[in-house]
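These notes concern the structure reproduced below.
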Amino acid sequence: MSDFLVMIVSVSVVLGVMVLVHEWGHFIVAKSFGVRVDIFSIGFGTRLWGFKRGDTDYRVSALPLGGYVKMAGDNPLEERKGDPDEFLSKPRWQRVLIALAGPAMNILLSIVLVAGIYVRGSKQPAFLDRPMVLVGVLQDSAAQKAGLMPGDHIVSVNGVNNPTWDRAQLELMSTLPGHSVSIVAERNGQQLSFSVPAAPSVEEVFGYPQDHLNVSAVSPGTPAERSGLKAGDVILSVNGITLANGAEFPPIVDKSQSQQSQPLDLEVQRGDATLRVQIRPQEVTAPTGAKRWQIGVMRTGDLVDRRLSLGGAIVESVGMNALMARQIVYVVVELFRGNVSLKQLEGPLGIARESGRAAREGPAELLSLMAMIGVNLAVLNLLPIPPLDGGHILLLFIEGTIRRDLSVRVKERFVTVSMVFLLLVFAIVMYNDVLRLIPHH
């Protein structure tokens, strides 16, 4: 199957399942409260097939990207009869729960998917269960600015003594954006305290451990492919500089190319053999607009098989999904603060590209991507912007506070302004998606 076809099929499955589950949440809670549901559709557009049971037309539509639920009287801008089974005839608290049900189902499915991966067993970074000994700190990172240094042994994170990297990740997850992580590190026999601002990644806040740079995939048509690098190779050094962790590779490459544009001399381990590979990086534009150099590989560290019991898998899955949700909230907050650019966001084309990559790597990767998109869908739908679920909840909260319904004119203006905002954001994200497809970018 061609890469393009794999991408189309995989993104249809990923988005289709997550949107369908979201709508199913609205559907089952609406039905439980006695709301008449006129249409439950798998897909959008023209009705291809279906049947009617009770008041609901269950149908399959032409465009297989998710689905939708049409509830009676759910649009305040349309004429309604005022029947007791209409959505707007129900108490506000019931309408809030109906709105919350969609995001809740996305989060529930994401927890089930990740727990299933843990029960079945998956590859996890080998360093997660190790003590937090820093082999390096990223240049200009929050950790470096706070004073953490290579060789430090972190002995406490937010009051948790002797944390592993896995536990530190959970502690970071529980730290709200704008707050700091409390760290105690041992250096030359002394214990030093640090306060590091929360950031999305562990490496940004703490630094990084000893690990290898393993090539997991080589992108077609890139310098890495032309030089003969293969998946499974381990890059040991760059221009004579031994790598203690794959995080050191990008800054070494950027620094070497900014000084003089010369081929990189890589020492590569392939099986039992050690090879010398010369490769000339290509300049690209990062999502932030900065110029970067890359060779065209996907990298991982050392991985180990990790399989958990059902109870342990559920606990771990809840923590991982909470971490993903926190990172999404962090990005949204920073976006409104102006510290994150819309250029850094992925749109439908980016999701399609990632879906194709995940499908080629295997079921576990595809399910992980579905879980991540599910959490994204849940969090973004809770933003207080009509016509998102969070927007409906906001309007219901305002009406409950003032103890009366807002006028149709006010709701219409609120929805119109919000729709213009969402369409503008979508247009910018799509524009940047297309730019990424152009080789120059």
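The values are calculated or read from the model by the stated rules, or taken from the named source; none is laboratory data. All figures in this text were calculated on a predicted structure; none of them were measured in a lab. Counting neighbours? That spans all protein chains shown, and the Cβs are built from the backbone with ideal geometry, glycine included. When the accessible area is computed, the model is the full protein with side chains, heavy atoms only, and any ligands, DNA or RNA have been set aside. Shrake-Rupley method; radii C 1.70, N 1.55, O 1.52, S 1.80 Å.
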task = Return a yes/no flag: does the range 158-169 have any residue that is in a helix (DSSP H, G or I), under 15 Å from Val205 (Cβ atoms), out of contact with any helix residue (DSSP H, G or I) (no Cβ under 7 Å at 6 or more places or on another chain) and free of Cβ contacts under 8 Å to residues at least 40 places away in the same chain.
result = yes
ask   = When you look at Asp38, is it of a type in the set (D, E, K, R) and assigned to a strand (DSSP E or B), yes or no?
value = yes
query = In the range 38-53, how many residues are under 20 Å from Lys90 (Cα atoms) and over 32 Å from the mean Cα position of the chain (by Cα)?
reply = 1
task = Looking at (1) within 19 Å of Gly136 (Cβ to Cβ); (2) β-branched (Val, Ile, Thr); (3) surrounded by 14 or more Cβ atoms within 10 Å (Cβ to Cβ), find the lone condition where Val277 falls short.
result = (1)
note = Scanning the range 99-137 residue by residue, the ones that are out of contact with any Phe, Trp or Tyr (no Cβ under 7 Å at 6 or more places or on another chain) and assigned to a helix (DSSP H, G or I) total 23
query = Given the structure, is Phe194 at pLDDT 95 or above and not in a loop (DSSP other than H, G, I, E, B)?
reply = yes
Long-range neighbours under 7 Å by Cβ, at least six apart or interchain, first residue more than 23 Å from Arg92 (Cα to Cα) and touching a residue at least 60 places away in the same chain (Cβ under 8 Å) within the range 11-30, second crowded, with 23+ Cβ neighbours inside 10 Å and among the hydroxyl-bearing types (Ser, Thr, Tyr) = Val11/Ser355; Val14/Ser355
key: the range 215-236 - residue that is modelled with pLDDT of 95 or more and surrounded by fewer than 20 Cβ atoms within 10 Å (Cβ to Cβ) and, of those, farthest from the chain's Cα centre (by Cα)   = Leu236
Hits in the range 365-392 (condition: touching a Lys or Arg at 6+ places or on another chain (Cβ under 9 Å) and open to solvent by 40 Å² or more (accessible area, probe 1.4 Å)) = Glu365, His392
task = Would you mention how many residues in the range 349-363 are surrounded by fewer than 17 Cβ atoms within 10 Å (Cβ to Cβ) and within 15 Å of Ile117 (Cα to Cα)?
result = 3
query = Exactly one of (1) in a strand (DSSP E or B); (2) touching a Pro at 6+ places or on another chain (Cβ under 9 Å) is unmet by Leu63. Its number?
reply = (2)
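This table checks each residue for (1) open to solvent by 30 Å² or more (accessible area, probe 1.4 Å); (2) out of contact with any helix residue (DSSP H, G or I) (no Cβ under 9 Å at 6 or more places or on another chain); (3) of a type outside the set (D, E, K, R).
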residue	(1), (2), (3)
Arg307	yes, no, no
Asn321	no, no, yes
Gln327	yes, no, yes
Val332	no, no, yes
Gly338	yes, yes, yes
Gly347	no, no, yes
query = Given the structure, is Val35 at pLDDT 85 or above, surrounded by 15 or more Cβ atoms within 10 Å (Cβ to Cβ) and over 29 Å from the mean Cα position of the chain (by Cα)?
reply = yes
query = When the range 237-279 is examined, which residues are found to be within 31 Å of the chain's Cα centre (by Cα) and either touching a residue at least 60 places away in the same chain (Cβ under 8 Å) or part of a loop (DSSP other than H, G, I, E, B) (or both)?
reply = Leu243, Ala244, Asn245, Ala247, Glu248, Pro251
query = Residues in the range 382-397: is at least one within 28 Å of Gln327 (Cβ to Cβ) and acidic (Asp, Glu)?
reply = yes
message = List the residue pairs whose Cβ atoms are under 6 Å apart, where the first residue sits in the range 82-97 and is within 23 Å of His22 (Cβ to Cβ), the second is among the β-branched types (Val, Ile, Thr) and open to solvent by less than 30 Å² (accessible area, probe 1.4 Å), and the two are 6 or more positions apart or on different chains.
response = Phe87/Val35
Positions within the range 174-191 being open to solvent by less than 20 Å² (accessible area, probe 1.4 Å) and either of a type outside the set (A, V, I, L, M) or in a loop (DSSP other than H, G, I, E, B) (or both), in sequence order = Thr175
inquiry  = Quick check on this structure: which one of Leu366, Leu395 is closer than 30 Å to Lys230 by Cβ and either of a type in the set (D, E, K, R) or in contact with a helix residue (DSSP H, G or I) (Cβ under 9 Å, 6 or more places away or on another chain) (or both)?
reply    = Leu366
inquiry  = On the basis of being closer than 30 Å to Phe27 by Cβ, at pLDDT below 95, outside any helix (DSSP H, G or I) and of a type in the set (A, V, I, L, M, F, W, C), does Leu77 make the cut?
reply    = yes
